1. Just for the range B:97-131: of the residues that are under 20 Å from B:Glu49 (Cα atoms) and charged (D, E, K, R), which one is nearest to the chain's Cα centre (by Cα)?
2. From the list B:Lys23, B:Lys48, exactly one residue is more than 18 Å from B:Ser133 (Cβ to Cβ), surrounded by fewer than 22 Cβ atoms within 10 Å (Cβ to Cβ), within 13 Å of chain A (Cβ to nearest Cβ) and modelled with pLDDT under 85. Which is it?
3. With the condition kept exactly as written, say whether any residue in the range A:49-61 is part of a loop (DSSP other than H, G, I, E, B), away from every other protein chain (no Cβ under 14 Å) and more than 30 Å from A:Ser143 (Cα to Cα).
4. When you go through B:Ser92, B:Ser29 one by one, which is the residue that is modelled with pLDDT under 90 and either part of a loop (DSSP other than H, G, I, E, B) or over 22 Å from A:Val117 (Cβ atoms) (or both)?
5. Name the residue that is surrounded by the fewest Cβ atoms within 10 Å (Cβ to Cβ), counting only residues in the range A:87-106 that are under 22 Å from A:Ile225 (Cα atoms) and at the interface with chain B (Cβ under 8 Å from one of its Cβ atoms).
6. Starting from the range A:116-142, keep only residues that are exposed (fewer than 13 other Cβ atoms within 10 Å of the Cβ), then list their pairs with residues that are among the basic types (Lys, Arg) and not in a loop (DSSP other than H, G, I, E, B) whose Cβ atoms are within a distance under 8 Å, requiring at least 6 positions of separation or different chains.
7. Determine whether B:Ala200 is in contact with a strand residue (DSSP E or B) (Cβ under 7 Å, 6 or more places away or on another chain), surrounded by fewer than 20 Cβ atoms within 10 Å (Cβ to Cβ), at pLDDT 90 or above and among the hydrophobic types (A, V, I, L, M, F, W, C).
8. Would you tally the residues in the range A:163-189 being within 18 Å of the chain's Cα centre (by Cα) and farther than 16 Å from A:Gly241 by Cβ?
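The values are calculated or read from the model by the stated rules, or taken from the named source; none is laboratory data. Everything numeric here is computed off the predicted structure, so don't read it as measured data. Methodologically, a virtual Cβ is constructed for each residue, glycine included, from the backbone with ideal geometry; neighbour enumeration extends over all protein chains shown.
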Amino acid sequence: MIVFLQQLINGLSLGFVYALLALGYTMVYGILRFINFAHSDVFMVGAFCGYYFGRVVPQHSLGGGLLVMAMAMLVCAVLGIIIERLAYRPLRGGSNLAVLITAIGVSLFLENAGQLVFGADPKPFPALFPSRNFTTEAGLRISSNQLLVFIVTAVLLFGLQWIVMKTRMGTAMRAVSFNHQAASLVGINNDRVISFTFGLGSALAAAGGILYALNYPSIDPYMGILPGLKAFVAAVLGGIGNIPGAALGGILLGLIETFVNGSRFSTYTDAIAFGVLIVILLCRPAGLLGKFQVEKV
Amino acid sequence: MRIRTRSIAAGLLCASLLAGCNKSNEPSSGASGGDVIKVGEFASLTGKEADFGQSSHDGTALAIDELNASGGVLGKKLQLLTEDDQSKQGESKTIARKLISRDGVVAMLGEVASGRSLEAAPVCQESKIPQISPSSTNPKVTEIGDYIFRICFTDPQQGKVLAQFALGTLKAHRMAVLTDAATPYSVGLATYFKDAFTAAGGQIVAEQKYSSGDKDFNAQLTAIKAANPEALFVPGYYTEVCLIGRQAHDLGLTVPLFGGDGWESPQLISIGGDALDGDYFSTHFSPEEKNPAVEKFVHDFQAKFGMVPDAMAALGYDSAMLLADAMKRAGSSDGPKVRDALAATKDFPGITGKITIDAERNAKKALVIIQIKGGKFQLVQKIAPE
């Protein structure tokens, strides 16, 4: 039982990071109908921002850690907006395939530029937050970094849901996602909404990058590829374009992975995780929470 | 404006492609033309095992420079052509082909990781180019063919010594093993260790697997902790070992961790922090050894690279020195002749000990056990080959 609960904690802390990253994929897809492959590299840049900013603030302090996280989110938000402005906007209105391939190009560019700027060798990520391990009487352990993942992700998730559902910008985002021609007819500036979406998604990726790096403190320019792939799968699993769906998909994937890894079948982790994806997509083609829409002709 | 942004995007793309193709190709002597002997080297200069590749390459380059400074080999200078395999599976085969067919190297040095040596070996064997692996320990490497040599101990030997160490020094009879299922090195070493450990009366209580590149080991470590072992054997590379050490520490798994020669890297301390303090690993060489040859090598290496050499650097150095020695003995840089000379190597005085090549083209070498203590690698004992 104690092992089960411990694995649950392990799985949730992994799943929450996937969830945070999956949100970025799902938001961009919801609005622009394409997969932003560069998202996982913004996640990497976020972690490196934490690495460099983390040198100038005192370590093991809550305030310093939060400040670093806020700065990394800001830098990545700007990066996301710049990527959209330079690489995706010129292609808007063209074929979706062109944008998709450009996204892969941007992803490669960020990875290789990262190798040039940050160096190819893994770097030790600083301990930004005060770290402690808590043990219950029964022997269940949780680290302060894992708790931080739960808290920060929950706060960001609810914040995002609030922005999307309650603010003017959120209403505009939903309108553009619903139908962008109609949205521009009623006076919504589509470009601004799209820039905002990229900024928001990239800021979440940066937060995810820092949380990931805090728990797995070895960062390199290729660190985003695998979590990015998993988060993309999580977004599809939950129903791409659907925000609560992405969060659910991320948590589910984290749990599946952890429970498989802790069993005798650990070498089949990815096979089982992706097998679950196939089964779910066969039963519910739009994902767990996605709505299946009939293509209008 | 539209056109301009588009061209910027295109420019960014081109730059990224160029960055991706950036290979290091540094001849280590200025000589050119027909009066040089070209030696190929493939190494993991970037990527996951970059520390290993860099160290090994630095050691090799130092040897080539020293050889050239003392007049070269057979009246010619040696030219080292190094290619980076980015620690990626699948690259070394292409690189070996390129070095042999395009650059015309006469011998090949590399690699540290057994998986990547195994990939290049068939190419060298086919082209009758002798390959010396400085530090691949998996027995399969030299089984590829009679042109493939190694100058380090093999995993059956390492697994046996570690099993004795676990039972004798650590007094651990209930052992957990955490293997990297994606590298031949880790799978091989785990198997030889388990065989020797159970044959000597020990018990394996938990066995878990991961794949190189993984970062989350909490699930495996939780399962291992539940099995209540007395020690944990991790026969992997340092990249993952650092994180395994930290996560084991956070999960409250307090038993000693130990591993093989895949551990030795400064990252164990910079990334692992104090989580791995007190743990052990076995390797080929310790710069603390009191021996004039070792002291001279450590001094020269420090003067050139500003850091203390590790086992990979020492083996890289020895591999180039042995190759030069074999060329001198063969009186030629011809593949088959150098091969015969290499196969006949007896008591070659290397930094890492005397090298005698046996019928399987392996070397019997001593092992050292190192303990991580206070942010330093400390020599615990040296175990001579049987």
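1. B:Glu111
2. Exactly one of B:Lys23, B:Lys48 is more than 18 Å from B:Ser133 (Cβ to Cβ), surrounded by fewer than 22 Cβ atoms within 10 Å (Cβ to Cβ), within 13 Å of chain A (Cβ to nearest Cβ) and modelled with pLDDT under 85, namely B:Lys23.
3. No, because not a single residue in the range A:49-61 is part of a loop (DSSP other than H, G, I, E, B), away from every other protein chain (no Cβ under 14 Å) and more than 30 Å from A:Ser143 (Cα to Cα).
4. The match here is B:Ser29.
5. Across the range A:87-106, the extreme among qualifying residues is A:Gly105.
6. Listed by first residue and then by second, the contacts come to A:Phe134/A:Arg141; A:Thr135/A:Arg141.
7. No, not satisfied.
8. Total meeting the criteria: 1.
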